[in-house]
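Worksheet for the structure shown next.
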Amino acid sequence: MRRITHLFKIKYVLLFGFLTIFNARAQNYLWPTSASKHMSSSFCEYRPAHYHSAIDIKTWNREGYPVFAVDDGQIYRIRISPFGYGKVMYLKLKDGRFAVYAHLKKFIPKIEKALQAQQLKKMRYSIDWYPENWKVKRGELLAYTGQTGIGVPHLHFEIRDSLQHPLNPLVYYRNEIKDNIAPILQELMIIPLTAQSTVNGSHLPHIFPLTKGPNHTYRLKDSLSAHGTIGLALRSYDMANGVYNKFTFYRTHLFWDGKEVFNVSYDTLYFSKTHLADVEVYYPFKTLLHKRFRKLFIEPFNTLPFYHHSPGNGYLKMQGKSHHFRLVVRDFFGNTSVVRARIQNEMNFNPDVQFAGKSGYKAYLKFTIPSSVQNIAFWSSVDGNHWLPINYFEVLEHVFSAGGMHTFVIKADIRDSNATYLRAEFSRAGSTQHICFVSLNDSCAVPGFKWMNMGKRFLAVTDSFFCCQNLNVAVQTKSGMHSLTPDVHRNHAEIVLPAPETQDDFLHFTLRHSDSAEYDTTFQYYTLFPGKAQNFSFFNNRLQLHSGRKTVYDTLLFTLQKSDTIPVVKGIPTLSPVFAFNWYPQIFRKAATLTLRIDSVSVHWRQLGFGKIGHSGHLSFIGGQADSARKSIRARIKTLGHFILIADTTAPKLKILQPATDAILSKLKEIRISLDDTLSGIDSDRNIRIFIDNKQLIPEWDPERHLVVAHPYWKLKPGQHKINVTVVDLAGNRANKNAKFSIQIKDPE
């Protein structure tokens with residue numbers, strides 16, 4: 001037995017030694033460029049609907065720095081496109097991993113020559129080429145940095161495993177980046193995760209600013225209490241020495257009463273799951289407040305690979321009087337920041353007021369509260385705005401009932417006999433938890449409610465609320481009548497409405513005091529359910545919405561309104577009212593289909609498309625597929641929003657910049673063209689055609705810079721030549737420009 005154990009230990013040591021040597025060798029890749037050893041973006045930074053799969057290396061807003069092979073291997077793939085990565089090279093390294101270099105300006109001459117042959121063969125700028133057996137050596141010059149595709153000049157650099165899954169490149173370059181700056185923590189958000197959960201007495205998410213203390217420790221500026229199940233989300237960034245760029249953090253641990261309940265680290269990424277970037281952030285606040293909070297809890301539909309070491313799902317349950325949590329945030333180089341805070345378990349109750357009245361300078365109040373209340377304080381007011389503290393009150397009657405409830409009858413001295421309102425504050429451990437506003441003359445001033453769509457449920461919110469006698473709050477839906485109790489807090493009252501049961505329903509909300517209606521409203525709403533295909537029809541079947549089983553991640557409520565008139569948008573033909581879907585923002589998992597029936601149109605069907613009006617009022621063209629036979633247009637949409645039917649009747653803006661018309665040249669190096677289309681757009685370089693004397697050139701198109709460059713690949717003869725440029729956008733609008741120039745060979749002296 002000892003011999004077996006000894007042999008096992010020897011094998012374990014040898015295996016550990018081999019893995020250590022292998023990892024050390026694997027981490028010895030060459031730095032990919034001489035541009036700099038500074039980053040402008042880090043691995044797994046958030047991008048709209050995806051993650052950044054690389055590190056971006058700074059090139060100081062310049063192009064043309066050399067790019068090298070990080071190890072021996074072979075050129076696996078070269079792709080050229082006007083979009084995305086632009087000009088990109090994939091190396092398959094000798095250890096089986098891949099190195100990816102993107103946004104390149106150009107390649108070394110022998111590669112450029114081979115690529116031009118591929119482009120001429122297909123007469124296209126965009127190509128996807130897999131060379132055969134093109135070997136490279138470590139340190140060999142391959143290309144030069146640029147800004148093709150998306151973004152300013154930089155080098156996008158990836159390391160992928162043998163299955164093409166991106167890995168954090170910093171694992172292989174631990175000693176190249178200088179960073180002794182701890183992550184900067186900005187705000188912490190606490191999110192109620194159930195209909196019964198509250199934060200500081202509210203069902204709404206609450207943002208707490210963070211204050212930095214010594215040794216990179218942070219505290220919350222405000223006191224914190226919660227009830228039920230909650231989740232945390234963090235807004236923060238990281239930095240490195242020598243640059244002002246902001247990066248994402250690398251690892252976060254969450255400890256609840258000393259026990260780790262959540263652990264996330266960004267080590268690897270699957271392209272098949274990168275769309276879940278909008279699930280990891282709290283998407284409603286990203287859309288509404290333009291703030292990105294990364295969630296520190298894992299919802300059931302979140303299958304990202306970052307949590308494989310996580311000891312829990314980050315759902316925090318308030319049990320007992322209070323809890324403490326510790327949040328540890330690290331960057332890749334071990335610089336650490338910490339948040340420590342205590343959360344008090346708030347009393348979740350609403351005082352039951354049975355009687356309120358006054359006589360002269362005396363106020364009388366009968367109410368029932370739970371035994372957990374430790375302190376009661378009272379104020380009086382004439383107008384409900386200016387409050388005077390009540391310094392003395394006495395308990396006339398105290399009855400303890402089953403369930404831990406106490407009923408009190410109190411008499412309080414009021415300082416003004418004209419006082420009409422009483423405010424009672426109930427607290428525990430010195431922290432105000434609940435407030436009750438009482439009318440002393442049995443009147444019940446009920447203000448209007450603001451309806452808030454919280455995604456899974458509606459919330460009715462008002463600035464103030466009175467704990468009136470004989471008060472009844474109810475809501476009627478298709479499933480029946482529901483009695484509701486307002487949650488009254490310091491600055492507002494909230495009423496959680498019943499969760500939806502069917503895909504279309506109505507809410508008839510009533511608030512009555514002594515049998516008189518104080519508030520009465522009805523509205524229609526609709527529900528998208530996960531795991532269910534649904535069809536909705538609106539406005540006499542004119543507008544339809546189809547969702548599939550995988551359209552939404554979670555239950556999503558929405559309402560729909562149609563504008564009374566067709567709005568006027570300068571320079572854009574508008575052909576329908578605005579169809580306004582109002583919802584609590586949630587990105588779709590899979591696209592839904594929106595279809596609009598059209599009676600007649602005054603433009604070509606190909607020119608039709610949906611426009612989407614953003615929060616700032618900006619109109620963007622999202623397109624669609626028109627069906628003239630069925631007189632309809634449909635589009636795939638990734639979120640709800642405000643949609644309108646528009647037409648793109650404007651041709652692309654096209655101008656030949658170089659050569660100038662009637663220019664006399666000794667030779668033509670290149671043609672430069674300015675090109676822009678603001679609505680439907682130009683989706684492919686196939687739609688850009690450039691000719692010299694009826695011989696086609698290959699357009700090198702940069703949509704971000706609105707620039708097209710073309711190089712003649714043959715020698716032009718002396719004499720006059722004609723350039724013809726034609727561009728067609730997605731709506732079929734065509735632009736055409738011509739120019740003439742002459743080649744004149746100078747006589748030798």
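What follows is calculated from the coordinates using simple rules that are stated; it is not laboratory data. Computed from a prediction, not measured in an experiment: that's the story for all the values here. Counting neighbours? That spans all protein chains shown, and the Cβs are built from the backbone with ideal geometry, glycine included.
Scoring 622-629, 142-149, 411-418, 29-36 by mean Cβ neighbours within 10 Å over their residues and listing the highest first yields 142-149, 29-36, 622-629, 411-418.
What Kirkwood Rh does the chain have if only Cα atoms enter the pairwise 1/r average? Answer in Å. Could the numbers behind the result be given before it?
On the way: mean 1/r = 0.0320 Å⁻¹.
For the chain, inverting the mean 1/r across all distinct Cα pairs yields 31.3 Å.
Dimensions of the stretch 81-240 along the principal axes, based on C-alpha atoms and rounded to the nearest Å, stand at 69, 36, 29, largest first. Here the Kirkwood formula, the inverse mean of 1/r across different C-alpha pairs, assigns the stretch 529-647 a hydrodynamic radius of 14.8 Å.
Rounded to the nearest whole Hz, the Karplus-based 3J(HN,Hα) values (6.51 cos²θ - 1.76 cosθ + 1.60, θ = phi - 60°) of the stretch 390-396 follow the sequence 9, 7, 9, 8, 10, 8, 7, with x at glycine and proline. Whole-percent P(r), the stretch 184-345, all Cα pairs, 5 Å bins from 0: 2, 8, 18, 23, 22, 16, 8, 3, 1, 0.
A protection proxy built from the mean count of other Cβ atoms within 10 Å ranks the segments 69-77, 536-544, most packed first, as 69-77, 536-544. Each peptide in 574-584, 396-406, 703-713 was scored by the mean count of other Cβ atoms within 10 Å over its residues; highest first, the order is 574-584, 703-713, 396-406. Counting charges near LEU396 (Lys, Arg +1; Asp, Glu -1) among other residues having Cβ under 15 Å from its Cβ returns a value of +1. Residues whose amide H lies under 5 Å from that of THR574, counting only those 5 or more places away or on a different chain, are VAL569; hydrogens are built 1.01 Å from N in the peptide plane. The string of couplings for the stretch 309-322 from the Karplus curve (6.51, -1.76, 1.60, θ = phi - 60°) is 9, 6, x, x, 9, x, 6, 9, 10, 7, 9, x, 6, 7 Hz, one whole number per residue in order, with x for Gly and Pro. The slack in the chain from ARG340 to ARG705, taken as 0.36 nm per residue of separation less the alpha-carbon distance, amounts to 126.7 nm. Counting other Cβ atoms within 10 Å as a rough exposure proxy, the listed residues SER225, SER372, SER359 run SER359, SER372, SER225 from fewest neighbours to most. Here the stretch 340-389 has an Rg and Dmax of 14.9, 51 Å, counting Cα atoms alone.
Based on alpha-carbon atoms, the Kirkwood radius and the radius of gyration of the stretch 145-252 give Rg/Rh equal to 1.10. Here the Karplus relation 6.51 cos²θ - 1.76 cosθ + 1.60, evaluated at θ = phi - 60°, turns the backbone of the stretch 526-539 into coupling constants of 9, 9, 9, 10, x, x, 9, 7, 9, 10, 10, 10, 10, 6 Hz, with x for every Gly and Pro. Here the stretch 73-158 is treated as a sphere whose radius is the Kirkwood value from Cα pairs; by Stokes-Einstein at 25 °C and 0.890 mPa s it diffuses with a coefficient of 188 µm²/s.
Near ASP72, the amide H atoms lying under 5 Å from its own belong to LYS94, ARG138; only residues 5 or more places off or on other chains count, and H is placed 1.01 Å from N.
Solvent-free Debye calculation, one equal scatterer per alpha-carbon of the stretch 703-749: log10 I(q)/I(0) at 0.19, 0.29, 0.31, 0.32 Å⁻¹ equals -0.84, -1.18, -1.21, -1.23. For the stretch 289-437, taking the reciprocal of the average inverse distance between every pair of different Cα atoms yields a Kirkwood hydrodynamic radius of 19.4 Å.
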